[in-house]
Amino acid sequence: MVNMSYRPMLEQLQLHDLGPVLMNITGHTIDYLNENHEDLIEIIIDLHHAGKIEIVGSAYSHPILPLLPKSRRLEQIKSHKDQLKEVFGVTPRGFWPPEQAISPIIINEIIDAGYDWIYSDHEHLAIAQEYHNDLDPFSKRVATITETLVNAFWAKWWQMPLRYWKAYRVANQWVDRYTNPLITVKNLDKEIKLVQTSVAWTNISIFSLQHTPPFFTEKKLIKMIQSSELELLPLYASDIEFFGYRSHTGNAPLPDDLIELLLNLKKMGIELESPSMMDQAFIPDSRAITSGSWAPDKSLRIWTDSEDNRELTRRITEIYQLFENQYETLEDKTRDQITKLLRIAENSDARGWAPINERKQEAFTAIDKLYQILKP
């Protein structure tokens, strides 16, 4: 992963002055780089000081925050922020919720942790205003752009032109509804800044840079950007590993592909800016924040409903209870050991969209070790 994704991406960013590219790195990845690729840590620090990247905060081991108990959510958020300060000398202003999984309570906890702005899923927020119970049989929501793209991706060859054209049309409809990515909303008793990641633009970018679908070439993407009347556009919002390492379609885009796109946009006079540089651009908005994620159906079910996910949830719930019951009697060294194992068990890569078997085994192994320590 490092040599296929992180290293070439960081080296490309060293070569070009593209503006502040936002970067989110999990705590486990930082630990690994510190132990095995210390030179990349130095490169990240240099890029940050040069203004070529802005490091944003997240939760330490990329868990689904709404599925964790409060004590675990707070530990995950605080430990990652502390790590960024210790390793990079950075106090992040922006927060990336893992898998864009949020709820009103989660949002307030992130603000309480000292963050100025938070990423949110534009399509999730938009759909949330149209219906308030997705299990109501009398409420019919529109298909999401991801669902439409997936329908096109699995089409038979004779269906592909029509379905990709429909996906392109639906993506444009969502783009038209996407008026301003920077909003300020009232959540519970706090006023918060949200940066809406456009799912339409993100998915179009993913597909166009993978060089596979016939209607989503990079040339088509650039044409869409040129024709857009938006002044601000979060073009791409995903983990760095998707460049050179991971892919939902079996054909991962390369770091060079993203750099080439950004260079082409710069030639067109389109500059990269960070939300941290645009405090005055956040506009008041009346939308409600609801629980969900950027799963295809915008729910949390993709991380809860498979048999393995249910089993992980059952076992880790037992562990939480055992840990709470025995907390006062445990030595600090044992508590630290338990915390490290919990982070492994909570990682979203063991669940969700495309669970990684290695991560799933690591999660179950961590739970087994926790049982041995806490002795139920």
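Where a number appears in this text, it was derived from the coordinates with a stated rule and is not lab data. Remember, it's a predicted structure, so these values are computed and weren't measured experimentally. Glycine also receives a Cβ, built like all others from the backbone with ideal geometry; neighbour counts cover every protein chain displayed.
Connecting C-alpha atoms closer than 10 Å in a GNM of the chain, tell me which of Thr313, Thr197, Thr334 has the biggest fluctuation. Greatest mean-square fluctuation among the candidates belongs to Thr334.
Annotation: aspartates and glutamates with alpha-carbon distance below 15 angstrom to Lys193 (same-chain offsets under eight excluded): Glu109, Asp112, Asp116, Asp121, Asp279, Asp285.
The C-alpha atoms of the chain define a longest principal axis, and helix 38-49 lies at about 60 degrees to it.
With contacts taken as Cα pairs under 8 Å at a separation of at least 6 residues, the chain carries a relative contact order of 19 percent. In the chain, the longest principal axis of the Cα atoms and the axis of helix 70-88 are about 70 degrees apart.
If the segment from Asn34 to Glu11 were pulled out straight at 0.36 nm per residue, it would be longer than the present Cα-Cα gap by 6.5 nm. In terms of surrounding Cβ atoms within a 10 Å radius of their Cβ, Asp305, Asp116 rank from fewest to most as Asp305, Asp116. Overall, the anisotropy analysis places the range 52-200 in the prolate class: the square-rooted eigenvalues a ≥ b ≥ c of its C-alpha gyration tensor yield a/c not less than 1.5, with a/b exceeding b/c. Please determine, in degrees from 0 to 90 and to the nearest 10, the orientation of helix 255-267 with respect to the longest principal axis defined by the Cα atoms of the chain, where the helix direction is its Cα long axis. That works out to roughly 50 degrees.
In the chain, helices alone account for a calculated mean residue ellipticity at 222 nm of -15000 deg cm²/dmol, with every DSSP H run of four or more residues adding -39,500 (n - 2.57). Of the cross-linked pairs Lys140/Lys220; Lys70/Lys340; Lys85/Lys186; Lys81/Lys369; Lys81/Lys266; Lys85/Lys190, those separated by over 20 Å at the C-alpha level are Lys140/Lys220; Lys85/Lys186; Lys81/Lys369; Lys81/Lys266; Lys85/Lys190. In terms of surrounding Cβ atoms within a 10 Å radius of their Cβ, Arg141, Arg315 rank from fewest to most as Arg141, Arg315. As a rough footprinting exposure proxy, the listed residues Ile45, Ile302 were ranked by other beta carbons within 10 Å of their own, and the order from fewest upward is Ile45, Ile302.
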